[in-house]
Amino acid sequence: MNRRHFLQWSGGLLAGGAVLASFGHGHGHEAASDESADGLSAAQFHTSRRYAATPFGRIAYVERGTGPAALFLHGFPLNGFQWRGALPRLAPYRRCIAPDFLALGYTQVAPGQDVGPESQVAMLVALMDTLGIDDADIIANDSGGAIAQLLLARHPQRVRTLLLSNCDSEHDSPPAALHPVIELSRQGRFVDEWLAPWWQNPVLARSAQGIGGMCYADPSQPGDEAIDTYFGPLLSTARRKSLVHEYAIALERNALAGIEGALKRSTAPTRIVWGSADTIFAADGAQRLERSFGASRGVRVLQGSKLFWPEERPQVIAEEAQRLWNAWVPQRPGWR
């Protein structure tokens, strides 16, 4: 498999002490750029992987940096490799941790463990406890965004700030586009009929009919390394396939139903950055999310970007995260 060729990243990160400029409740729009997801290679990512022993299983994660913690929550059917471009950019400012959810990536799920959204939240709390993390800045995409909202609602003291990209809202969970995946998973066919052909044929994966055409704006994405890293572990055993199906089936019930009250009460500053060309979530998803949070810091719209834009445009994640973090006033000393 050819190693991915990354474009050189241009542009710098926002200075650590930068003031919050043009960061209110306005809706900024901009065109997609040529910047790419350069960052950790697959080899570096695999070498960096650690495992945390929890009652839910051995949770795989990659960590970069020191200081206050930031958790990066990936989409479906991806894993922490989605954040390979953001981690090195933000490591100078945070202890950046990208875990793999139960049933996805390289996490080793305990026998009989449920993998639904509420269990994912409980797993994250256990992971934070195991790693000595009291609270964290959360960055999330896709179904990881739904889990992030649940984490904020169930454990508000564990979330300092929340940066959401395209993801579920209470009124769009699961999105209609996911229904065929759920049905195929119920029949035990999704992994073999969708993921296996993409893994075996990266050109197909990047086609209009593949995950590339559905979820990425750049026709060269996802690269070969990403395809192998995402789908290889999910196809490795019959149990891994079954767990993926369980993950998808668990999304059928709207886990966010009734959550808006808790989000309204939250004081955690929340910023939403939304790809306008998303074909999975509803076009008004960003506005619905913004109205849901009591401490919203507005919406930024990325014209032409699709669901998995954080993988293609990690510099935007880095910029927005630093702005949000600089706007947050510490509530107590002794961050861990």
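Here are the numbers:
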{"quantity": "Relative contact order for the chain, counting Cα pairs under 8 Å that sit 6 or more residues apart, in percent", "calculated": "25"}
{"quantity": "Simple label model, 7 Å out from Cα along Cβ direction - Gln157 to Asn254, nm", "calculated": "3.1"}
{"quantity": "Calculated [θ] (222 nm, deg cm²/dmol) that DSSP helices of n ≥ 4 give over the chain, each run adding -39,500 (n - 2.57)", "calculated": "-9000 deg cm²/dmol"}
{"quantity": "Most mobile listed residue (Ala176, Ala262, Ala70) in the chain, GNM with C-alpha springs under 10 Å", "calculated": "Ala176"}
{"quantity": "Most fluctuating residue given options Gly188, Gly80, Gly223, as computed from a GNM of the chain linking Cα atoms under 10 Å", "calculated": "Gly188"}
{"quantity": "Zero-based 5 Å bins, Cα pair distances in region 186-336, whole percents", "calculated": "2, 8, 13, 14, 16, 16, 13, 11, 5, 2, 0"}
{"quantity": "Rounded to the nearest 20 debye, dipole of region 42-164 from Cβ charges on Lys, Arg, Asp, Glu", "calculated": "380"}
{"quantity": "Trypsin sites (Lys or Arg not before Pro) lying in DSSP loop within region 219-274, provided at most 15 other Cβ fall within 10 Å", "calculated": "Arg253"}
{"quantity": "Counted charge near Trp325, where neighbours are those whose Cβ lies closer than 9 Å (Asp, Glu -1; Lys, Arg +1)", "calculated": "+2"}
{"quantity": "Per-residue HN-Hα couplings for region 198-210 [Karplus 6.51, -1.76, 1.60; θ = phi - 60°; Hz; x = Gly/Pro]", "calculated": "5, 5, 6, 9, x, 5, 5, 4, 8, 7, 4, 8, x"}
{"quantity": "Farthest positive-ward along the chain dipole, Cα basis, beta-carbon charges - from Phe293, Ala268, Ser207", "calculated": "Ala268"}
{"quantity": "Potential extension, Thr47-Gln108 segment - 0.36 nm per residue separation minus Cα distance", "calculated": "20.3 nm"}
{"quantity": "Translational diffusion coefficient (Stokes-Einstein; Kirkwood radius from C-alpha pairs) of the chain at 25 °C, 0.890 mPa s, in µm²/s", "calculated": "125"}
{"quantity": "Mean Cα-pair separation over length for region 206-271, i.e. relative contact order, pairs under 8 Å, 6 or more apart, %", "calculated": "13"}
{"quantity": "Isotropic mean projected area of the C-alpha convex hull, region 149-199 (nm²)", "calculated": "5.4"}
{"quantity": "Nearest-0.05 FRET efficiency for Ala282 and Ser220, computed from C-beta distance (R0 30 Å)", "calculated": "0.65"}
{"quantity": "Length released on extending from Lys264 to Arg291, taking residue separation times 0.36 nm less the Cα-Cα span", "calculated": "8.9 nm"}
{"quantity": "Antiparallel DSSP beta bridges within the chain, percent to nearest 5", "calculated": "30"}
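No lab work stands behind these numbers, since they all come straight from the coordinates. Model, not experiment: these values are computed from the prediction. Note that we place each Cβ from the backbone using ideal geometry, even for glycine, and neighbour counts take in every protein chain shown.
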